[in-house]
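Asker: First the structure, which I've put down as structure tokens, then a few questions once you've had a look.
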Amino acid sequence: MQIRMFLSSIALAAISLSVSAQDAGDEDRFMSNLTSATMDKKAIEEAQNGWWKTSMIGKEERIKWWREARFGMFIHWGVYSEAGGEWKGKEVGGYAEHLMRKEKISRKDYLELASKFNPTKFNADEWVKSAKAAGMHYMIVTAKHHDGFAMYPSSVSDFDIAHQTPFKRDPMAELAAACKKYGLKFGFYYSHAFDWEHPDAPGNDWEYNNPGGDKNLFGGRNWFDAHPELIPKVQKYVNDKSIPQIKELIKKYHPDILWFDTPHKLPFSENLRILKAIRETDPNIVVNGRLARNSNGNFGDYANTADRPAEFFPVIGDWEAIPTTNESYGYSKFDNSHKSASHFIQLLANGVSRGGNILMNIGPKGDGTFDPKDQKILDSIGIWMKKYESSIYKTTASPLPLQSWGAITQKDQSLYLHIFNWPKNNKLLIGGLQSSLKKVYNMADVHKKALKITTEKDLTYILLPDQSFDRVDAVLVAEFTEPIKSEGIRYIDQNMENRLLAFDAKQHGKGFGFGDGKTNRFYVHGWKRMDQNLSWTFNNVSTTKYKMTLTYIADKDEGGEINIKLGNLNINKKIDSAKNLGKPVSLDVGEVLLTQGTHTLVINPVEIKGTELIRILEVDLKPTKTN
């Protein structure tokens, strides 16, 4: 399913994105309002012709710091952190912060858990210093998650840290002060639509039988269309708790940014009303893209892509991804699936090279400390950042095409070459470059000793030493005396494996959509018609033989036959969903001889069986012989 997002200051420019679930109820697949009721249309017209249009005049100034920051810390911390993914002696899987929903915990029993929440080891300075040392420039913390529990003393509701826990401090005030002290921008995650404690809010269908929950009561997702008589009840929640607490947070703590989620739980007009209240209270606050967006537009300051990404689908304009250190956002004592620091370093460089921000999540423990596994990741990122932070902070995407060896970021007339894969022949091809280089050097070299630059067949190469400067991400600084120009077409490299992601393919025909980018979900889906195909165009430097491998997923009732054309290769391959149902399959396509020049790889349908042909993740071209 595609969501159209509008991203320019006044007129919205459309892009497509999709969001998919970790498990049922944890993430909505679409995360937007899909309908356009009469009251929604009226609210949209009022916004576009009035307050929202006016608010977007100041967008460029408002979002400037966010664009420069590039890397931030997301923190999910609340009463659920005390449980750590356990309830009544039983492990609760999935997102630990969804404990209340998953175990259908009553408000009364949840308050029993809150009475044990006493994070005496919490130290705001230590949290902020850890973020700063890791090269992060903003911090966003859960002021209220879906459980409805305010992590600050609230005058709006006594379902908060001051009234219901033995911890009588204000951690939000302490974090705001620490961020100001150490130079980080600060903001809040606030669950405006989901609230499981409030009897009038969407979500709690185990105690209040409210819409918006797992039971899909009152028509399910679009309950407000099926049962508009329920809207006044939800409006009461918005009036009595959501808007008052948001205003309270703004006036008490003066945040730089507000982060929202699950807007589809409310009618779109209510989401717009909340955004209007924010703009009226403080027009300078950055607002993320999950507050007010529907199938036609996004009224936030930037787009939010999927949770826990491994790869990034193309997005036009400002965007942000939210990986987490393991597979849960809130702390879970059972989740030991932590990724390596190298994963996050390369993810960060890749995301920034594509014009995005990375907001990396940490789930602190119930005692107020970071999990040692999380702290180790932060410390390791910090070691890399001490050498290379300037290649991330205040940089932008470069005009150059994708590179097989890594990623490129840009600042003014300098490129930062992030080398993940060291070339076997120690010659780094800067594919697509059409400007003359002034100097290239190892960013970690304090003496900035110049590396040799050579030109072969109008292509620019950097001569490298035998060993990489950094096994995770070695960064070179490439300086120019003229504007940086690009050919725009990718070059594949005969000295390393070349990954052609489905996300980067050209789509032909209507109906394609992107997977959410998580591990084994960075595919293109929606291949249901014979007039659809995918293609990749690239340059090959010299005549080379490559081994081609296709990685795909075909689930139940999916499959058929495809034709693959590239160079001297023209072959049909059967797609069998029963071979590895719903899991990645690596298909050996064969060898292909590519001559010097421009080539286009095309995958066409031959036969479609069932609901969908194939979900391609990537095509790999591995050199076997160079002529």
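Asker: Give me log10 I(q)/I(0) at q = 0.20 Å⁻¹ for the range 273-329, Debye formula, one equal scatterer per alpha-carbon, no solvent.
Answerer: So the normalised log intensities work out to -0.84.
Asker: Okay, next question. Would you list, by chain and number, the lysines whose Cα falls below 19 Å from the Cα of Lys506, excluding same-chain residues fewer than 8 positions away?
Answerer: Lys528, Lys565
Asker: Right, something else. Quick check: pseudo-label points 7 Å beyond the Cα along Cα→Cβ at Lys411 and Lys556, how many nm apart are they?
Answerer: The two pseudo-label positions are separated by 5.2 nm.
Asker: Quick one: what are the phi-derived ³J(HN,Hα) couplings along the range 90-104, Karplus 6.51/-1.76/1.60 with θ = phi - 60°, whole Hz, x for glycine and proline?
Answerer: 10, 5, 10, x, x, 6, 5, 6, 9, 3, 4, 6, 5, 9, 6
Asker: In this model, which of Lys59/Lys181; Lys144/Lys394; Lys545/Lys622 are farther than 19 Å apart at the alpha-carbon?
Answerer: Numbers: Lys59/Lys181 26 Å; Lys144/Lys394 30 Å; Lys545/Lys622 8 Å.
In this structure, Lys59/Lys181; Lys144/Lys394 lie more than 19 Å apart at Cα.
Asker: Compute the Cα gyration tensor for the range 516-617, then decide on rounded, prolate or oblate, letting a ≥ b ≥ c be the square roots of its eigenvalues: rounded whenever a/c is under 1.5, prolate when a/b is larger than b/c in the other cases, and oblate in all that remain.
Answerer: Working: a/c = 1.98, a/b = 1.79, b/c = 1.11.
The shape class here is prolate.
Asker: Using alpha-carbon pairs under 8 Å, 6+ residues apart, how would you state the relative contact order of the chain in percent? Intermediate values should be presented prior to the final figure.
Answerer: Numbers: 1503 pairs, mean separation 83.8, N = 627.
Across the chain, relative contact order equals 13 percent.
Asker: Also: Report the antiparallel proportion of the DSSP beta bridges in the range 471-562 as a percent, rounded to a multiple of 5. Working shown, then result.
Answerer: On the way: 5 of 8 bridges.
Once the DSSP bridges in the range 471-562 are tallied, antiparallel ones form about 60 percent.
Asker: So for the range 382-524, averaging the separation of alpha carbon pairs under 8 Å that are six or more residues apart and normalising by length, what relative contact order in percent results? Can you show the working numbers first?
Answerer: Details: 256 pairs, mean separation 38.4, N = 143.
Relative contact order for the range 382-524 comes out at 27 percent.
Asker: Still on this structure, I have one more. With a cut-off of at most 13 other beta carbons within 10 Å, and DSSP calling the residue loop, which trypsin sites (Lys or Arg not before Pro) in the range 544-614 qualify? Please list them. It would help to have the intermediate numbers written out before the result.
Answerer: Working: sites: Lys545, Lys547, Lys556, Lys565, Lys573, Lys574, Lys579, Lys609; in loops: Lys556, Lys579, Lys609.
Passing sites in the range 544-614 are Lys556, Lys579.
Asker: Next question. Please give the contour-minus-distance gain from Lys41 to Met530: 0.36 nm per residue of separation, less the Cα-Cα distance, rounded to one decimal in nm. Write out the running numbers ahead of the final one.
Answerer: Details: separation 489, 0.36 × 489 = 176.04 nm, distance 3.66 nm.
Full-extension gain reported as 172.4 nm.
Asker: Same structure again: What distance in nm separates the two pseudo spin-label positions at Lys215 and Lys609, each 7 Å out from Cα along the beta-carbon direction?
Answerer: 4.2 nm
Asker: For the full complex of protein chains and a 1.4 angstrom probe, list Met530, Met496 by accessible area with the highest value first. Numbers along the way, then the final one.
Answerer: Values: Met530 105, Met496 15 Å².
If we order Met530, Met496 from most to least accessible, we get Met530, Met496.
Asker: Moving on to the next point. For the chain, give me the percentage of DSSP beta bridges that are antiparallel, rounded to the nearest 5 percent. If you can, show how the numbers build up before the last one.
Answerer: Details: 85 of 118 bridges.
Restricted to the chain, the bridges split so that about 70 percent are antiparallel.
Asker: Semi-axes of the range 299-379's equivalent ellipsoid from the Cα gyration tensor, sqrt of 5 times each eigenvalue, largest first, rounded to whole Å?
Answerer: Numbers: eigenvalues 125, 39, 20 Å².
Ellipsoid half-lengths, sorted descending, are 25, 14, 10 Å.
Asker: If you don't mind, there's one more thing I want to ask. State, to one decimal in nm², a quarter of the convex hull surface area for the C-alpha atoms of the chain, i.e. the direction-averaged projected area.
Answerer: 27.8 nm²
Asker: Which cross-chain or sequence-distant (5 or more) residues have an amide H under 5 Å from the amide H of Glu612, H modelled 1.01 Å from N in plane?
Answerer: Distant-sequence amide H within range of Glu612: Gly559.
Asker: Show that you can apply the helix-only estimate: for the chain, add -39,500 (n - 2.57) for every DSSP H stretch of four or more residues, divide by all residues, and state [θ] at 222 nm to the nearest 500.
Answerer: On the way: 15 runs with 137 residues, N = 627.
Roughly -6000 deg cm²/dmol at 222 nm, from the helical runs in the chain.
Asker: Between beta-carbons, use under 10 Å as the cut-off and find the net charge around Gly72, counting Lys and Arg +1, Asp and Glu -1. Please list the in-between numbers first.
Answerer: Working: positive: Arg70, Lys185; negative: Glu320.
Result for the neighbourhood of Gly72: +1.
The values are calculated or read from the model by the stated rules, or taken from the named source; none is laboratory data. Quick caveat, the model's predicted, so the values are computed rather than measured. Don't worry about glycine lacking a Cβ; one is built from the backbone with ideal geometry, like all the others, and counts go over all protein chains shown. The protein model used for the area step is the full one, side chains on, heavy atoms only, and it has no ligands, DNA or RNA in it. Shrake-Rupley method; radii C 1.70, N 1.55, O 1.52, S 1.80 Å.
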